[in-house]
Amino acid sequence: MEKDYGHRPVLLEECLEALAIRPEGTYLDGTLGRAGHSLAILRRLTTGRLIGIDRDQDAIDAARERLAGYEDRVTLVHGNFSDLGEILQKLGITGVDGMLFDLGVSSPQLDEPRRGFSYMHDAPLDMRMDGQADLDARQVVNTWSYEELRRILYDYGEERYAPQIARAIVRGREDRSIETTGELVELIRAAMPAKALREKQHPAKRSFQAIRIAVNGELDALPPMLEAAAARLNPGGRLAVITFHSLEDRIVKQKLRELATGCTCPPEFPVCVCGKKPKLTLVSRKPIVSGPAELEENPRARSAKLRVAERTKN
C-alpha cells in the first residue's frame with residue numbers, strides 16, 4: 001500500500017489528458033509539491049524525462065522519497081518557477097513537451113503548524129514557501145505601513161474590511177510586536193463587525209491569503225513564468241495551469257489570451273507593423289473544474305480551475 005503523503009493532486013486525470021503525454025517526451029512540473037501529479041506523469045513515461053521544481057525544500061525531500069525508483073527519468077530542482085528559463089538552460093534543455101503548474105499551497109504546508117500558513121493553529125508568523133527567503137509574514141505584519149497592509153488585504157485577499165483590519169494590526173503592534181498566527185487572528189477577529197464573524201468562512205481566511213501572497217510574491221511571478229513557459233514549449237507542447245482564487249485565474253486567463261493573440265496593432269492599421277505572432281492556442285476557452293466525485297473526496301478542489309494552452313506549430 002502506498003504511503004499517504006498528505007496531499008491529493010487536484011484535477012489529476014484532467015491534467016494528464018490536458019498534457020497529452022507522450023512516453024518519450026520531456027515534461028516539467030513547476031510546482032512539485034508532494035509529487036502527486038509528477039508521479040502520475042512518470043508512470044506514463046518510458047524513455048521520457050520529468051523535471052520537478054519547487055521552492056520548498058521540504059517538498060523536494062518528500063518528492064525524492066515518493067519518486068524513488070524513477071531516478072533515471074526525473075530531475076528535482078530546488079528553485080522558483082519564476083526562474084524557469086534559467087533552470088532549463090542550466091539543465092541543457094532547449095524544449096519541453098508539456099508543463100504543469102499547480103498554484104495552490106499544498107496541504108502539508110497548510111497543515112504543518114510550524115510553517116505559519118494556517119489560521120487554525122497558533123504558530124510563529126512565517127508563511128514562507130522557501131524557508132531560506134528573507135521576507136516572512138512577521139516582517140509584513142510588523143513593519144509594513146497601514147497603506148501597504150490595506151492594499152494587500154484588499155487586492156490580494158479581496159477583503160472588504162481591509163481598512164479596519166489594517167488599522168487594527170498597526171494599533172496592535174504599537175505595544176509589542178505581533179509574533180504568532182494566533183495573535184494575528186485575534187486582531188483580525190476584533191476588527192470585524194459581528195455580521196462578518198457569523199459568516200461560514202473563517203474571518204481570517206482572506207487576510208492570511210493576502211499576507212501569504214505578499215510574502216511569496218506569488219502574483220508578480222505569474223506573467224514572466226507564463227512568458228518563459230510559452231517560449232520553451234516545443235511546437236504542439238501543452239501548458240496546464242491550475243489556479244485557486246480569482247486573482248490568480250484572472251492573471252493566467254489574461255496572459256494566456258495575450259500569448260494566443262499575436263498582433264497588438266490598433267484595429268485601424270491597414271497592415272501589421274508589430275510583427276507579433278501567436279505563441280499559444282487556447283485548448284479551451286472556459287476553465288476545467290472538478291467533478292462531483294472529486295469534490296466529495298477533496299473539498300479543497302472546489303475553487304480549482306485548470307486552463308490549458310498549446311504551443312503553436314508555425
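The values are calculated or read from the model by the stated rules, or taken from the named source; none is laboratory data. What you see is a predicted model, and the numbers here were worked out from it, not measured in a lab. Every residue, glycine among them, receives a Cβ derived from its backbone with ideal geometry; neighbour counts consider all protein chains shown. Ligands, DNA and RNA are excluded from the accessible area calculation, which covers all protein heavy atoms including side chains. Shrake-Rupley method; radii C 1.70, N 1.55, O 1.52, S 1.80 Å.
Here are some notes:
- Cβ-Cβ under 7 Å pairs, at least 6 apart or on other chains, region 67-82 side crowded, with 16+ Cβ neighbours inside 10 Å, far side β-branched (Val, Ile, Thr) and part of a strand (DSSP E or B): Leu67/Val74; Val77/Ile51; Val77/Ile53; Gly79/Ile53; Phe81/Ile53
- Scanning region 231-243 for residues that are under 21 Å from Leu16 (Cα atoms) and surrounded by fewer than 22 Cβ atoms within 10 Å (Cβ to Cβ) yields Arg232, Asn234, Pro235, Gly236.
- Scanning region 153-183 for residues that are part of a helix (DSSP H, G or I), within 24 Å of the chain's Cα centre (by Cα) and buried (at least 21 other Cβ atoms within 10 Å of the Cβ) returns Leu153, Ala162, Thr181.
- Test result for Leu135, among the aliphatic types (A, V, I, L, M), surrounded by fewer than 20 Cβ atoms within 10 Å (Cβ to Cβ) and either out of contact with any Phe, Trp or Tyr (no Cβ under 8 Å at 6 or more places or on another chain) or in contact (Cβ under 8 Å) with a residue 60 or more places away in the chain (or both): yes
- Scanning region 229-253 for residues that are within 16 Å of the chain's Cα centre (by Cα) and more than 22 Å from Val105 (Cα to Cα) yields a total of 0.
Let's see how each residue does on (1) of a type in the set (Lys, Arg); (2) more than 21 Å from Ser303 (Cα to Cα); (3) in a loop (DSSP other than H, G, I, E, B):
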{"position": "Glu14", "(1), (2), (3)": "no, no, no"}
{"position": "Ala18", "(1), (2), (3)": "no, no, no"}
{"position": "Glu24", "(1), (2), (3)": "no, yes, yes"}
{"position": "His37", "(1), (2), (3)": "no, no, no"}
{"position": "Thr46", "(1), (2), (3)": "no, yes, yes"}
{"position": "Ala59", "(1), (2), (3)": "no, yes, no"}
{"position": "Arg64", "(1), (2), (3)": "yes, yes, no"}
{"position": "Tyr70", "(1), (2), (3)": "no, yes, yes"}
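- Region 6-27 residues that are free of Cβ contacts under 8 Å to residues at least 40 places away in the same chain, paired with ones that are in a loop (DSSP other than H, G, I, E, B) and small (Gly, Ala, Ser) (beta carbon under 8 Å, 6 or more apart): Pro23/Gly48; Glu24/Gly48
- Members of region 270-287 that are of a type outside the set (Val, Ile, Thr) and outside any loop (DSSP other than H, G, I, E, B): Leu280, Leu282
- Residues in region 190-219 that are touching a residue at least 12 places away in the same chain (Cβ under 8 Å), under 29 Å from Arg250 (Cα atoms) and open to solvent by 60 Å² or more (accessible area, probe 1.4 Å): 1 in all.
- Of residues in region 33-59 being among the acidic types (Asp, Glu) and touching a His at 6+ places or on another chain (Cβ under 9 Å), the one surrounded by the fewest Cβ atoms within 10 Å (Cβ to Cβ): Asp56
- Some residue of region 288-305 being among the hydrophobic types (A, V, I, L, M, F, W, C), open to solvent by 50 Å² or more (accessible area, probe 1.4 Å), touching a residue at least 12 places away in the same chain (Cβ under 8 Å) and assigned to a loop (DSSP other than H, G, I, E, B): yes
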